[in-house]
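Student: Next up is a structure, given as structure tokens.
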Amino acid sequence: MDKSEAFWDSSADNYDKTEERFEYIHRKSRKNARKHLANRETVLDYGCGTGTTACELSNEVKQIHAIDISSKMIELAKEKAAAANIGNVSFAQGDIFDEEYKFESFDAILAFNMLHTVPDPQAVMQRIYELLKPEGLVITVTPCLRDKLSFLISLQIKLVQVLCSIGVIPVPIRRLKSNDLDDLMGNGNFQITDSEKLFAGASSYFVVGKKMRES
Ligand SMILES: C[S@@+](CC[C@H](N)C(=O)[O-])C[C@H]1O[C@@H](n2cnc3c(N)ncnc32)[C@H](O)[C@@H]1O
């Protein structure tokens, strides 16, 4: 097991609890995403965590496949879906680069609160592009830690940076600006169709890109 997988496994049990204070952001992200999912059939939720978003959006679409590198997150997500009797969401431990995912097979791909943690966001966007059907949507929410943060959140981020630098957090927590997300979309041949700064204090940026033909 690699270090990042082990880190997310160790965060899984407390994940829902620790995210409660960002509930406004999660709720608003899902509300915004709903608008874009109408008439979209097959959705991939990349980095699904404990599955809350996939479960909550399951009634909007035909099928959601939700993946996460952490088997512990997936275990909790499966329990959540079973408890709510949700039948059209499947969960699997995995990465978006796994070969089983076919080109142009998804109508929409969600990447919520995870693009700042992957080693190569550009490569991820390229892979998302490959897996989306023509005019498919990538729907993202990303904490932009280089934008303006509230005093408390910036203290917290400083602590996270220290923990990253001494190896306690073995995940590359990237400090992005919202412009970086716009650039990622543009460079990846996505046309931005919606964007919103969801919560100034935590600089959470919601942005949707539509897959355009490669130029
Ligand atoms: C901050 S959590 C976000 C979870 C959920 N999307 C949400 O919005 O609450 C980041 C999640 O991304 C997963 N993750 C990180 N890198 C990944 C990768 N390369 N492939 C799949 N999942 C990944 C982690 O295991 C973790 O569950």
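Just so you know, all these numbers are worked out from the coordinates, no wet-lab data involved. Predicted model, so just to flag it, every value in this text is computed and none were measured. Using ideal geometry, Cβ is built from the backbone for each residue, glycine included, and neighbour counts are taken over all protein chains shown.
Student: Could you list, in sequence order, the residues of the stretch 176-191 that are loosely packed, with under 14 Cβ neighbours inside 10 Å and either touching a residue at least 12 places away in the same chain (Cβ under 8 Å) or in contact with a strand residue (DSSP E or B) (Cβ under 6 Å, 6 or more places away or on another chain) (or both)?
Tutor: Listed by number, the residues that qualify are ASN187, GLN191.
Student: While we're on this one: So how many residues does the stretch 1-39 have that are assigned to a helix (DSSP H, G or I), within 11 Å of the ligand (Cβ to nearest atom) and not β-branched (Val, Ile, Thr)?
Tutor: Residues meeting the conditions: 18.
Student: Ok, one more. Of the residues in the stretch 22-50, how many are over 18 Å from the mean Cα position of the chain (by Cα) and closer than 21 Å to LYS80 by Cα?
Tutor: Qualifying residue count for the region: 0.
Student: Here's a check for you: in the stretch 40-77, which residue that is β-branched (Val, Ile, Thr) and assigned to a helix (DSSP H, G or I) is surrounded by the fewest Cβ atoms within 10 Å (Cβ to Cβ)? Full working, then the answer.
Tutor: Keep residues of the stretch 40-77 that are β-branched (Val, Ile, Thr), which gives 42-43, 50, 52-53, 61, 64, 67, 69, 74.
Still in the running and assigned to a helix (DSSP H, G or I): 52-53, 74.
Values: THR52: 18, THR53: 23, ILE74: 23.
Result: THR52.
Student: Something else: Taking interchain pairs and intrachain pairs at least six residues apart, which have beta carbon atoms under 8 angstrom, with the first residue in the stretch 93-104 and in contact (Cβ under 8 Å) with a residue 24 or more places away in the chain and more than 14 Å from the ligand (Cβ to nearest atom) and the second of a type in the set (A, V, I, L, M, F, W, C) and not in a loop (DSSP other than H, G, I, E, B)?
Tutor: Listed by first residue and then by second, the contacts come to LYS102/LEU131; PHE103/LEU131; GLU104/LEU131; GLU104/LEU132.
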